[in-house]
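Before any comments, here is the structure.
The values are calculated or read from the model by the stated rules, or taken from the named source; none is laboratory data. Worth saying up front: this structure is predicted, and the values here are computed from it rather than measured. Virtual Cβ from ideal backbone geometry, glycine too; neighbours counted across all protein chains shown.
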Amino acid sequence: MSVWDRPEPPAPPVPLDRQRIVAAAIALADEGGLDAVSVRKVAARLDAGPMRLYGHIATKQELFDLMLDEVQAEILPEEQPADWREALSVLAHRTRQAALRHHWLADLLGGRPSLGPHGLAVTEATLAALDGLADIDTVLRAVETVAAYFTGAIRREIANLRAERATGLSERDWQRAHGPHVTRMLATGRYPTLSRAVHDGTDVDPDASFATGLDWILDAVAAKLTGPPA
């Protein structure tokens with residue numbers, strides 16, 4: 001058979017490794033959230049058969065674990081600040097920035113500890129910031145308190161961004177749309193404190209709100225580390 005008549009051999013399978021699989025899964029999640037991620041969809045993104053992925057991951061939860069660990073690499077600063085307060089602040093702000101780049105990260109924060117290399121490194125950096133300043137139980141409670149604050153704040157912010165995407169209304173547009181209803185309800189006099197907050201409270205942007213709340217939490221931690229005056 002001449003070369004002109006002989007069909008070309010089939011193309012070799014697309015090379016796969018965990019790094020490519022995780023990168024494809026993160027891209028899908030960035031586009032459509034965690035619901036957009038499945039072994040089948042990741043395989044399609046990689047132009048590979050789903051069964052080939054099971055040689056690298058056993059379950060979708062394992063895939064989520066790998067995605068979380070990959071993004072946690074973005075949280076670690078190149079250099080750890082020497083001051084404990086600055087160190088915890090940097091980690092909190094970098095976690096928020098990672099979540100703003102990857103909204104799905106908010107859904108995975110606050111669960112069981114991440115045991116991947118980057119997740120363990122974030123935990124080590126967090127604990128190391130307070131190492132030697134108090135007993136280990138106090139350090140653990142302090143870390144849990146800071147994490148509880150920024151996890152809740154990040155989830156709330158991401159929820160608002162998702163609402164904007166779903167409705168097409170910005171926060172300001174939403175407030176204007178519901179303004180007449182709120183005005184009527186406040187005029188009843190049943191909500192005096194809320195009325196004062198609406199009319200007299202200062203509206204701050206998400207950056208300032210997050211930073212202020214974090215400073216208050218760190219003030220509380222500092223008070224515990226310092227202890228009552230002798």
- Run down Thr202, Thr193, Thr183 and say which single residue is loosely packed, with under 11 Cβ neighbours inside 10 Å, of a type outside the set (A, V, I, L, M), in a helix (DSSP H, G or I) and assigned by TED's automatic domain parsing to the domain that holds Gln97. Thr193
- Task: Give me a count of the residues in the range 153-176 that are modelled with pLDDT of 95 or more and either in contact with a Leu (Cβ under 6 Å, 6 or more places away or on another chain) or of a type in the set (Ser, Thr, Tyr) (or both).
- Result: 0
- Message: Just to be sure before I move on: is Ser38 among the polar types (S, T, N, Q) and not assigned by TED's automatic domain parsing to the domain that holds Phe210 in the structure I sent?
- Response: yes
- Query: How many residues does the range 131-154 contain that are surrounded by 15 or more Cβ atoms within 10 Å (Cβ to Cβ) and either within 16 Å of the chain's Cα centre (by Cα) or without any contact (Cβ under 8 Å) to a residue 60 or more places away in the chain (or both)?
  - Reply: 9
- Query: How many residues are of a type in the set (Gly, Ala, Ser) and within 22 Å of Ala36 (Cβ to Cβ) when one looks only at the range 90-148?
  - Reply: 7
- Message: Filter the range 41-72 down to the residues that are over 21 Å from Asp107 (Cα atoms), touching a helix residue (DSSP H, G or I) at 6+ places or on another chain (Cβ under 9 Å) and of a type outside the set (A, V, I, L, M, F, W, C) and list them by number.
- Response: Arg45, Gly49, Pro50, Arg52, Tyr54, His56
- Got a number for residues in the range 70-128 being within 12 Å of the chain's Cα centre (by Cα) and of a type in the set (Lys, Arg)? 3
- Query: What are the residues in the range 59-88 that are over 30 Å from Gly132 (Cβ atoms) and either assigned to a loop (DSSP other than H, G, I, E, B) or of a type in the set (A, V, I, L, M, F, W, C) (or both), if any?
  - Reply: Thr59, Leu63, Phe64, Leu66, Met67
- Note on the structure: Only unsatisfied item for His103, checking (1) over 28 Å from Leu225 (Cα atoms); (2) outside any loop (DSSP other than H, G, I, E, B); (3) in contact (Cβ under 8 Å) with a residue 60 or more places away in the chain, is (2)
- Message: Condition check: of a type in the set (Gly, Ala, Ser), loosely packed, with under 13 Cβ neighbours inside 10 Å, more than 21 Å from His102 (Cα to Cα) and without any contact (Cβ under 8 Å) to a residue 40 or more places away in the chain. Does Ala177 satisfy that?
- Response: yes
- Go through Thr95, Thr126 for me and flag whichever is outside the structural domain of Ala29 (by TED's automatic domain parsing) and touching a residue at least 40 places away in the same chain (Cβ under 8 Å). Thr95
- Odd one out for Phe150 among (1) of a type in the set (Phe, Trp, Tyr); (2) in contact with a Leu (Cβ under 6 Å, 6 or more places away or on another chain); (3) closer than 23 Å to Thr212 by Cα: (2)
- Task: Considering only the range 205-230, state which residues are of a type in the set (D, E, K, R) and not in a helix (DSSP H, G or I).
- Result: Asp205
- When every residue in the range 39-58 that is hydrophobic (A, V, I, L, M, F, W, C) and either part of a loop (DSSP other than H, G, I, E, B) or more than 27 Å from the chain's Cα centre (by Cα) (or both) is compared, the one surrounded by the fewest Cβ atoms within 10 Å (Cβ to Cβ) is Met51
- Among the listed residues Asp65, Asp107, which satisfies the condition of being closer than 25 Å to Thr151 by Cα and touching a Leu at 6+ places or on another chain (Cβ under 6 Å)? Asp107
